[in-house]
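The values are calculated or read from the model by the stated rules, or taken from the named source; none is laboratory data. Computed from a predicted structure; not experimentally measured. As a convention, Cβ positions derive from the backbone with ideal geometry for all residues, glycine included, and neighbour counts pool all protein chains shown. We work out accessible area using only protein heavy atoms, side chains counted, and drop any ligands, DNA or RNA first. Shrake-Rupley method; radii C 1.70, N 1.55, O 1.52, S 1.80 Å.
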Amino acid sequence: MSYKHQAAQSQPKSASAQKLATALLAALPMMTVLSAATALSGCGFQLRGYDTPMLFDVAKTAVIVEDDRTSFPLKLPLTRRLEALGVDVIDNMTLTDVANNNQSTDAAPIAAITVKNIRFKRYELVGVLTEIRLVLTADVNYQTVENGKPVTLTNPIQVERSYQYNEASVSTDDQQGDQIRDWLYDSLARRITDQYVAISLPKVAPNSAPMIESPETTNIVAPNP
């Protein structure tokens, strides 16, 4: 076989090898991302937030919501969100009961979430279609225990949503407004849960992990849950 014929056969093989190398190099970033995601999932870090049970300093939490027509619909979505995180929710205690329990040396501490003064505000902008803005506000008090000492935080929370309502339609029922109210209750429950997680998770000391010296420093920024 001549040299020219051998060179002609080697060219397709070289071209195939180059295409394969290019494909492998292009796949490297995706493989790196998949490997990183697998490693984060393996260590318990959730990229989408805290959708799995957690370990709190205080296992039991009393949810105290006023027993009226406006406040009561919040209890169910709030209880569900807390229980999804592994919180043992107690709904038949008052603040006095919680204080008496925490003063006892034999009883396990109980945290408390108290929601008061839940109110709706409705704003209307009248035009061809009525623009309605519903605002749900509540005063939330958190009581938990950190390093054996009581911690109290009070914070007002407000959630809102707008929609359009055609009063000239055949149906006079504001069905969308009823759905918006349900959404606001669920949104308020999510905001309360977010704040409770922020103040109740165990705190990590800044110098608890040993430092490893390296010629290069890499900063890793993790998203907040």
Q | Carbon/sulfur fraction of accessible area - segment 79-159, other protein chains in place, 1.4 Å, % | A | 49
Q | Most to least accessible of R69, R122 (protein chains only, probe 1.4 Å) | A | R69, R122
Q. Heavy-atom accessible area of E83 with all protein chains present, probe 1.4 Å, nearest 10 Å²?
A. 100
**Q.** Probe 1.4 Å, all protein chains present, accessible-area order of F56, F72, F120, largest first
**A.** F72, F120, F56
Q. Local charge sum around V58 (other residues, Cβ-Cβ under 10 Å, Lys/Arg +1, Asp/Glu -1)?
A. -2
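Tally Lys and Arg at +1 and Asp and Glu at -1 over the other residues with C-beta under 13 Å from the C-beta of I192: what net charge comes out? Don't skip to the end; give the middle numbers.
Working: positive: K75, R80, R81, K116, R190, R191; negative: D139, D186, D194.
Charge balance near I192 sits at +3.
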Q: List, in order, the whole-Hz ³J(HN,Hα) value for each residue of segment 110-127 obtained from phi through the Karplus relation with A = 6.51, B = -1.76, C = 1.60 and θ = phi - 60°; use x for Gly and Pro.
A: 10, 7, 8, 10, 10, 10, 10, 6, 6, 8, 9, 10, 10, 10, 10, 10, 7, x
Q: Using all C-alpha to C-alpha distances in segment 79-172, build P(r) with 5 Å bins and read off the rounded percent in each one.
A: 3, 10, 14, 16, 14, 10, 8, 7, 7, 5, 3, 2, 1, 0
